[in-house]
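Down below is the structure, laid out as structure tokens.
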Protein chains: 2
Amino acid sequence: MTRSARRMADIQPFHVMEILKRAHELAASGRDIIHLEVGEPDFASPQPIVEAAQRFLTGGHVHYTPALGLTALREAIARLYHDRFGADVSPERIIVTPGASGALMLALAVLTDPGDEWLLPDPGYPSNRHLVRSFEGNPRALPVNASTRFQPTPAQVETAWTAQTRGLMVASPANPTGTLLTLDEIVALQETVSRRNGVLIVDEIYQGLNYGVDACTALSRLDDVFVVNSFSKYFGMTGWRLGWLVAPEAYVRDIEKLAQHFFISPSTPAQHAALAAFEPSTIAILEERRHEFAERRNALLPALRQLGFKFATEPQGAFYLYADISGIAEDSQSLARLLIEEAGVATTPGIDFGNNAPERHLRIAYTTGSARLIEAAERIARAL
Amino acid sequence: MTRSARRMADIQPFHVMEILKRAHELAASGRDIIHLEVGEPDFASPQPIVEAAQRFLTGGHVHYTPALGLTALREAIARLYHDRFGADVSPERIIVTPGASGALMLALAVLTDPGDEWLLPDPGYPSNRHLVRSFEGNPRALPVNASTRFQPTPAQVETAWTAQTRGLMVASPANPTGTLLTLDEIVALQETVSRRNGVLIVDEIYQGLNYGVDACTALSRLDDVFVVNSFSKYFGMTGWRLGWLVAPEAYVRDIEKLAQHFFISPSTPAQHAALAAFEPSTIAILEERRHEFAERRNALLPALRQLGFKFATEPQGAFYLYADISGIAEDSQSLARLLIEEAGVATTPGIDFGNNAPERHLRIAYTTGSARLIEAAERIARAL
């Protein structure tokens with residue numbers, strides 16, 4: 001007798017997979033598809049990272065590591081915080097995880113009792129609300145819009161807070177909107193949350209992918225905060241599945257217990273590869289790519305504006321544009337279908353990111369080269 | 001204000017980590033330590049697997065895969081079931097996961113409502129009860145002993161079943177006892193569980209590591225069962241973190257949704273490495289190792305018996321001996337401490353595996369060479 005747990009009724013798939021499936025069908029039939037839906041860099045993993053993995057693999061001694069990760073990698077991440085942001089973060093507080101997904105799971109599992117509410121900006125990364133639900137918490141949407149750069153304000157958090165609220169998650173740079181919080185704004189949110197004895201989780205997964213503004217970390221001003229990060233985006237290591245969590249010291253022992261049972265340990269080859277992620281030769285490659293992303297953004301944004309896509313706030317990070325399509329179409333899902341069928345351009349409709357006017361928004365990722373982006377804009381122009 | 005979720009009060013760490021820590025301290029001070037506590041093969045990953053990964057990494061295109069895993073790998077696993085066990089398993093039902101831990105998480109998350117009970121043999125793999133608890137289920141111990149080869153019987157399951165029981169987990173070969181279930185016994189347990197509308201999860205993580213008996217899979221007789229497997233143990237790929245889950249077809253879509261949010265996808269390099277795991281050249285290496293494990297077991301078991309360790313049932317699988325120490329010492333934790341301090345031999349006390357007479361049992365892993373195993377027995381003899 002088939003009977004899934006009740007939580008499954010609330011857990012949605014990534015809707016973009018339908019678009020992706022259609023894109024593959026069209027490609028199989030010979031159509032040229034431009035992928036603007038993909039949430040991962042199109043670049044290969046930097047060569048120093050790949051070579052570090054290949055060197056490590058020689059001999060084949062690929063055994064478990066400690067559950068919290070290799071000491072050398074935790075120390076290297078601590079040095080990154082120190083050297084790049086002037087933040088003193090003890091390696092003891094750094095937990096290496098199977099992707100940022102693993103970090104989110106650990107943070108939510110250690111913090112969430114059944115019935116606890118988490119305030120989540122909407123639109124936001126879809127998995128957040130489903131992970132909250134997986135551990136029997138209640139995701140509660142904080143609708144955000146261009147007037148606050150799609151970020152929640154302390155006043156909004158105060159208004160939404162109830163006796164059941166456990167905390168707030170924010171992302172900077174954010175997916176799908178590409179907007180950032182300033183350090184002062186993060187501190188103000190943390191003060192609000194902390195006055196209510198709540199917890200702030202800051203998603204810094206897209207840290208380093210910022211254009212025209214400096215990158216920052218909550219950790220340069222705050223200790224009593226959970227910070228999620230990843231080797232996937234800036235470091236170009238999506239398929240390796242490696243991220244990290246920085247937790248307040250008092251939670252580390254409980255998180256270690258969960259990490260043992262959830263994962264045993266993070267991928268050993270990925271950890272050895274990541275040891276090369278902070279080397280100057282790698283950073284040089286990554287900074288070049290960052291400039292390339294900035295150029296793509298600077299090419300795509302005006303081209304889309306000319307087509308009638310609206311951006312009331314300029315995204316400054318990640319590799320996403322979250323377009324208001326109300327001047328072009330009634331409904332973003334229909335528009336996404338039109339664009340894939342008529343223009344051969346794949347995009348992600350707003351529905352994946354929540355319930356806050358999703359029909360009016362489309363996420364466009366600039367994870368493909370500038371020439372293709374311009375071609376995409378031309379094809380969209382013809383299709384509309 | 002530090003406040004972990006209530007579930008954390010029930011989630012224990014791996015206690016063996018304390019022994020391991022002491023072993024490292026002693027080793028650092030110059031002592032020679034023999035590791036009989038380690039739950040992973042001492043062998044390197046087979047060379048064809050390593051080379052497949054290195055080939056794949058050239059070029060660095062390490063991107064996400066589908067959430068359920070590479071189609072080619074799911075098909076290769078289906079072929080393994082067909083060729084080795086004559087079992088017809090559709091690749092659609094095979095979900096590639098970050099280690100068997102990931103498979104256990106997916107199965108328990110899709111099946112467990114808050115308050116649902118899972119019947120778990122005690123002694124058993126420690127993470128099972130903690131994963132049940134993580135998703136707000138209640139782990140319920142089924143005490144098992146040598147009289148039933150440490151495996152539960154249908155009668156015992158019937159007696160323990162309540163209105164809250166969701167299902168039963170069994171393992172064959174089992175950790176920590178190394179005992180197997182026959183196919184007939186698995187089918188009988190499934191019939192019992194299924195009559196109560198419950199679900200059977202079969203842990204086949206140590207499949208292939210069997211000595212003097214043939215390996216089997218529940219899938220050659222059953223479809224309506226969840227089967228967990230791993231590339232870690234027989235295939236020698238612990239640190240790669242790759243396993244799989246076979247689920248009844250009706251659950252696959254829900255599991256896919258969870259896999260997207262929990263993991264995005266399993267490690268891409270590990271999946272490409274695993275494509276070489278079923279090649280004849282790899283299997284030849286693995287079968288040699290299996291013979292080596294059998295020789296170790298055949299050397300260690302009589303040596304320990306001579307020292308007064310009792311084994312009322314002969315373990316036939318995995319790489320563990322679960323010794324009754326009642327003829328030697330009062331308490332297995334004290335004995336483990338004595339053995340590490342006096343003999344430089346690290347073992348795992350029963351406490352890690354549950355509450356069923358843990359003080360009377362010690363797990364001894366033969367994950368080190370025969371000469372070292374004999375030396376360990378001699379050192380233990382002197383220490384006692």
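Values in this text are rule-based calculations from the coordinates and carry no lab data. Treat the numbers as computed from the prediction; the structure is a model and nothing was measured. Virtual Cβ from ideal backbone geometry, glycine too; neighbours counted across all protein chains shown.
Neighbours of B:Ala346, meaning other residues whose beta-carbon lies under 9 angstrom from its beta-carbon, give a summed charge of 0 when Lys and Arg score +1 and Asp and Glu score -1. Remark: label point of A:Thr153 defined 7 Å out from Cα along the Cα-Cβ vector; separations to the same position in other copies 7.1 nm, ascending. Within the shell of other residues whose beta carbon sits under 14 angstrom from the beta carbon of A:Leu168, the net charge comes to -3, with Lys and Arg scored +1 and Asp and Glu -1.
With a Förster radius of 25 Å, plug the Cβ-Cβ distance of B:Thr58 and A:Glu292 into 1/(1 + (r/R0)^6) and report the FRET value to the nearest 0.05.
Numbers: r = 23 Å, r/R0 = 0.92.
So the FRET efficiency works out to roughly 0.65.
A straight line joining the Cα centroids of the stretch B:165-229 and the stretch A:68-96 runs 43 Å. When +1 charges are put on Lys and Arg Cβ atoms and -1 charges on Asp and Glu Cβ atoms, the dipole computed for the stretch A:63-277 relative to its Cα centre reaches about 440 debye. Per-residue mean of foreign Cβ neighbours for B:32-41 is 1 (Cβ atoms of other chains, 10 Å radius).
So what's the back-of-envelope 222 nm ellipticity for the protein assembly as shown, counting only DSSP H runs of four-plus at -39500 (n - 2.57) apiece and dividing by all residues, rounded to 500?
Calculated mean residue ellipticity at 222 nm is -12000 deg cm²/dmol.
Averaged over the residues of B:124-136, the number of partner chain Cβ atoms lying within 10 Å of the residue Cβ comes to 3. For the stretch A:19-123, applying the loop criterion from DSSP together with a ceiling of 13 other beta carbons within 10 Å to the trypsin sites (Lys or Arg not before Pro) yields A:Arg31. Beta-bridge orientation, the protein assembly as shown: approximately 45 percent antiparallel, per DSSP, counting only bridges with both partners inside.
Which of A:Thr65, A:Thr368, A:Thr179 moves the most in a Gaussian network model of chain A with Cα springs under 10 Å? Maximum fluctuation in the GNM of chain A, among the listed residues, is at A:Thr65.
Close amide-amide hydrogen proximity is noted between B:Ser230 and B:Trp244, each under 5 Å apart and 5 or more residues distant or on a separate chain (H modeled in the peptide plane; Pro and chain starts excluded).
Taking every DSSP beta bridge that has both residues in the stretch B:61-278, what percent is antiparallel when rounded to the nearest 5?
Details: 8 of 25 bridges.
Around 30 percent of the beta bridges assigned by DSSP in the stretch B:61-278 are antiparallel ones.
With Cα atoms as the point set, the protein assembly as shown shows a radius of gyration and Dmax of 26.4, 86 Å.
Starting with the fewest neighbours, write out A:Thr348, B:Thr182, A:Thr153 ranked by other beta-carbon atoms found within 10 Å of each beta-carbon.
B:Thr182, A:Thr153, A:Thr348
Only Lys, Arg, Asp and Glu carry charge here, each on its Cβ (+1 for the first two, -1 for the last two); on that basis the stretch A:18-66 has a dipole of about 160 debye about its Cα centre.
In nanometres and ascending order, the distances from the B:Arg337 label point to those of the other copies are 6.9 (point 7 Å from Cα along Cα→Cβ).
Exposure proxy check: A:His130, A:His291, B:His361 ranked by fewest other beta carbons within 10 Å? Can you show the working numbers first?
Values: A:His130 21, A:His291 10, B:His361 27.
Exposure proxy ranking, most exposed first: A:His291, A:His130, B:His361.
Phi-derived couplings, Karplus 6.51 cos²θ - 1.76 cosθ + 1.60 at θ = phi - 60°, listed residue by residue for the stretch B:209-225: 9, 9, 10, x, 9, 7, 6, 9, 9, 4, 6, 6, 10, 10, 9, 8, 8 Hz, with x used for Gly and Pro. For the stretch A:63-277, averaging the sequence separation of C-alpha pairs within contact (under 8 Å, six or more residues apart) and dividing by the residue count gives a relative contact order of 28 percent.
Could you line up A:Ser147, A:Ser332, B:Ser4 from fewest to most neighbouring Cβ atoms inside 10 Å? Let's see the in-between values first.
Numbers: A:Ser147 9, A:Ser332 26, B:Ser4 20.
Starting with the residue having the fewest Cβ neighbours, the order is A:Ser147, B:Ser4, A:Ser332.
The stretch B:6-64 and the stretch A:241-305 have their alpha-carbon centroids 22 Å apart. Rounded, prolate or oblate for the stretch A:72-182? Axes are the square roots of the Cα gyration tensor eigenvalues, ordered a ≥ b ≥ c, and the cut-off for rounded is a/c under 1.5. Verdict is oblate for the stretch A:72-182.
Here r is the Cβ-Cβ distance between B:Ala44 and B:Val213 and R0 is 25 Å; the resulting FRET efficiency, rounded to 0.05, is 0.40. Taking a ≥ b ≥ c as the square roots of the eigenvalues of the Cα gyration tensor, the stretch A:221-372 is prolate, since a/c reaches 1.5 or more and a/b is larger than b/c. Rounded to the nearest whole Hz, the Karplus-based 3J(HN,Hα) values (6.51 cos²θ - 1.76 cosθ + 1.60, θ = phi - 60°) of the stretch A:79-93 follow the sequence 5, 4, 4, 5, 6, 8, 10, x, 9, 8, 10, 5, x, 4, 8, with x at glycine and proline.
Placing a label point 7 Å from the Cα of B:Gly212 along the Cα-to-Cβ direction, the distances to the matching points in the other copies come to 7.5 nm, shortest first. Listed values for the stretch A:25-37 are Karplus-derived 3J(HN,Hα) couplings in whole Hz (6.51 cos²θ - 1.76 cosθ + 1.60, θ = phi - 60°), namely 4, 5, 4, 5, 8, x, 6, 8, 10, 9, 8, 10, 9, and x replaces Gly and Pro. Taking a point 7 Å from the Cα of B:Ala284 along the Cα-to-Cβ direction, the residues of the stretch B:31-61 with backbone N closer than 13 Å to it are B:47-48.
Taking each residue in A:6-14, count the Cβ atoms of any other chain within 10 Å of its Cβ, then average. What number comes out? Walk me through the intermediate numbers first.
Values: counts 3, 9, 10, 1, 0, 7, 3, 9, 6.
What the average comes to for A:6-14 is 5.
For chain A, DSSP calls about 45 percent of its internal beta bridges antiparallel. Placing unit charges on each Cβ (+1 for Lys and Arg, -1 for Asp and Glu) gives the protein assembly as shown a dipole about its Cα centre, and among A:Gly208, B:Ala371, A:Pro280 the Cα reaching farthest toward its positive end belongs to A:Gly208. Taken along the Cα-to-beta-carbon direction at a fixed 7 Å, the label points for A:Ala163 and A:Asp10 span 1.9 nm.
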